[in-house]
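This report concerns only the one structure given below.
The values are calculated or read from the model by the stated rules, or taken from the named source; none is laboratory data. Nothing here was measured: the structure is a model prediction, and the numbers come from that model. Here Cβ is always computed from backbone atoms with ideal geometry, including for glycine, and neighbour counts include all displayed protein chains. Only protein heavy atoms, including side chains, enter the accessible area calculation; ligands, DNA and RNA are left aside. Shrake-Rupley method; radii C 1.70, N 1.55, O 1.52, S 1.80 Å.
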Amino acid sequence: DGGITQSPKYLFRKEGQNVTLSCEQNLNHDAMYWYRQDPGQGLRLIYYSQIVNDFQKGDIAEGYSVSREKKESFPLTVTSAQKNPTAFYLCASSSTLEGLARGGYTFGSGTRLTVV
Amino acid sequence: GNSVTQMEGPVTLSEEAFLTINCTYTATGYPSLFWYVQYPGEGLQLLLKATKADDKGSNKGFEATYRKETTSFHLEKGSVQVSDSAVYFCAHRGSNYKLTFGKGTLLTVNP
């Protein structure tokens, strides 16, 4: 079955370290997204990519970086510049083809990052 | 700009009660509308959707009707169960393909 996989499910980071969260999809979706969710809060868009080798900043991109070298993969790096990285991170993907684009996003199961 | 406003929670109901979570949106054109559900510690799952005016989306006993005249997409269920306890997000997707989410509504159903 097609889907979107995030790993790891739980991640612990020491202050000052960079960490990379993995997101892989086999849905043949062009677009991929990263969201941050804090306890009791909604979703905030970090970065998104609508095509390979291209990505745009979302609402809270500072302290994060991404790459999109393959259609299937959209890893997120949380850098040491991110002041408050402890949160739940969600990856999503979607089609951009007319018709299919009127469908929603498919989400991964999330990665919970904790700074220790 | 595009926005989604949904009823603030938390909402607490007894089992078998009627549920309504209000959602209104602002957008240009004719966006697709969605309700997502998030169970504790998990990602979001698509609950239902509607792609044009007067469409009714339904799934697992939940329903929502795309009302263009009132720019609304309220979520309803006639008889909630304990297993429906989750956070519910309303969203719309316009011509730029990006989803705009509401802030989410926490629903707790007690036995």
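Values computed for the structure shown
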quantity	calculated
Shape of the stretch B:41-111, Cα gyration tensor, a/c cut at 1.5	oblate
Inter-label distance for residue A:38 and residue B:81, nm, one decimal - labels placed 7 Å from Cα along Cα-to-Cβ	3.6
Rounded if a/c under 1.5, otherwise prolate or oblate - chain A, Cα gyration tensor axes	prolate
Cα-based reach from residue A:57 at 26 Å (exclusive), listing lysines while leaving out same-chain residues under 8 positions away	A:9, A:14, A:70, A:71, A:83, B:98, B:103
Accessible-area composition of the stretch A:10-116, carbon plus sulfur, in percent [1.4 Å probe]	47
Gyration tensor (Cα) of the stretch B:1-90, equivalent ellipsoid semi-axes in angstrom	22, 14, 12
Hits among aspartates and glutamates - C-alpha to C-alpha of residue B:56 under 19 Å, sequence gap 8 or more where chains match	B:69, B:76
Listed residues A:29, B:74, B:92 arranged by accessible area, highest first, probe 1.4 Å	B:74, A:29, B:92
Where labels lie 7 Å past Cα in the beta-carbon direction, separation of residue A:18 and residue A:80 in nm	1.1
Shielding by partners, peptide B:99-107 (average Cβ within 10 angstrom, other chains)	3
With all protein chains modelled, accessible area of residue B:30 [1.4 Å, Å²]	150
Solvent exposure ordering (accessible area, 1.4 Å, most first) of A:59, A:54, B:84	A:59, A:54, B:84
